[in-house]
Structure formats: C-alpha cells, structure tokens
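Here it is: the structure, laid out below.
The values are calculated or read from the model by the stated rules, or taken from the named source; none is laboratory data. This structure is a prediction, so every number in the text was calculated from the model and none was measured. As a convention, Cβ positions derive from the backbone with ideal geometry for all residues, glycine included, and neighbour counts pool all protein chains shown. When the accessible area is computed, the model is the full protein with side chains, heavy atoms only, and any ligands, DNA or RNA have been set aside. Shrake-Rupley method; radii C 1.70, N 1.55, O 1.52, S 1.80 Å.
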Amino acid sequence: MRDRVFYVSEKILTLAENFGPDHLLALGTCFGKFTKSGKFRLHITALSYLAPYAQFKVWVKPQADQQFLYGHNILKSGLARITENTPKYQGVIVLNMNDVPLGFGVAAKSTAECKLADPLAIVGFNQSDIGEYIRCEDELC
C-alpha cells in the first residue's frame, strides 16, 4: 500500500489513532497510485472529490452514458456538450446531462475539431469510469 495516495480528514485521522497499526487495514479514500515508472494514475475513487473543481468537462447524451460506463470511448454522436476551448489530449471529467460525474477521460479532439468531426469519430477516450466499481472491484484500493 506504500505506492498509493489517500485522502483522510483530520476527524477520521484522530479516530484511527485509537487503533494500533497491526489492527488497521486501510484508512481514507484512495486517490490513485504511482506506476513503476513514477507516474501517478488516478483511481475512480477520487472522482467525487475532483469533479467540482474540473476546468474541462464533457457531457454525454443519455444514450451514450451507458456505453461510457461499459468502458467505451465517447463518439461525436454521443457528445452533448464540451467545455469551450478544451485543447486536444486534455484530461476531462465526463458527466451525464444531469451533471452527475461518470468518470475521467482525455479529449481526443479540441472543441473546434469536435464541431467539424464525423458522427462516428472518437472525441473522448475513456480512462476510468464508475462502472469500474463492478468490473474491477478486486483491484480498487
């Protein structure tokens, strides 16, 4: 567990001090882990903390949100809105039309390119989605 980063409130931290290190399995919310190459990879467990502060967001149509939750990329036909001036390959938060965060992604095209793209073109790459809670529950923190 050394390679993982956790967010812990002070209240929870003081409560955890009542237990010895041998009796405490985990504490807090796992934000992600470091790869062997030293890069940091966000886990889906950090989504609810980061979504309100995201600078770039992508909204998907109702028929496309289920496809995103199954791990598929976002097609132009499923794109409802995108934050203005989103650059190509920028990290984004993916939301449904009710502003519920669905996951993390990367913009495959800039905002200007999305307007001219073919309906079957990929406009966003899926990096992580809340469907991982079911698909990869053993691998999450």
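Would you pick out the residues in the range 25-80 that are farther than 16 Å from Asn126 by Cβ, in a loop (DSSP other than H, G, I, E, B) and polar (S, T, N, Q)?
Of everything in the range 25-80, those that are farther than 16 Å from Asn126 by Cβ, in a loop (DSSP other than H, G, I, E, B) and polar (S, T, N, Q) turn out to be Thr35, Ser37, Gln55.
Can you tell me which residue is modelled with the lowest pLDDT among those in the range 35-45 that are open to solvent by less than 70 Å² (accessible area, probe 1.4 Å) and either under 22 Å from Thr86 (Cα atoms) or touching a helix residue (DSSP H, G or I) at 6+ places or on another chain (Cβ under 8 Å) (or both)?
Among those that are open to solvent by less than 70 Å² (accessible area, probe 1.4 Å) and either under 22 Å from Thr86 (Cα atoms) or touching a helix residue (DSSP H, G or I) at 6+ places or on another chain (Cβ under 8 Å) (or both), it is Leu42.
Given the criteria at positive phi and touching a residue at least 40 places away in the same chain (Cβ under 8 Å), does Gly71 qualify?
When the stated conditions are applied, Gly71 passes them.
Does Gln55 satisfy being at pLDDT 80 or above, open to solvent by 70 Å² or more (accessible area, probe 1.4 Å), assigned by the TED database to the domain that holds Ile130 and under 20 Å from Ser128 (Cβ atoms)?
Yes, satisfied.
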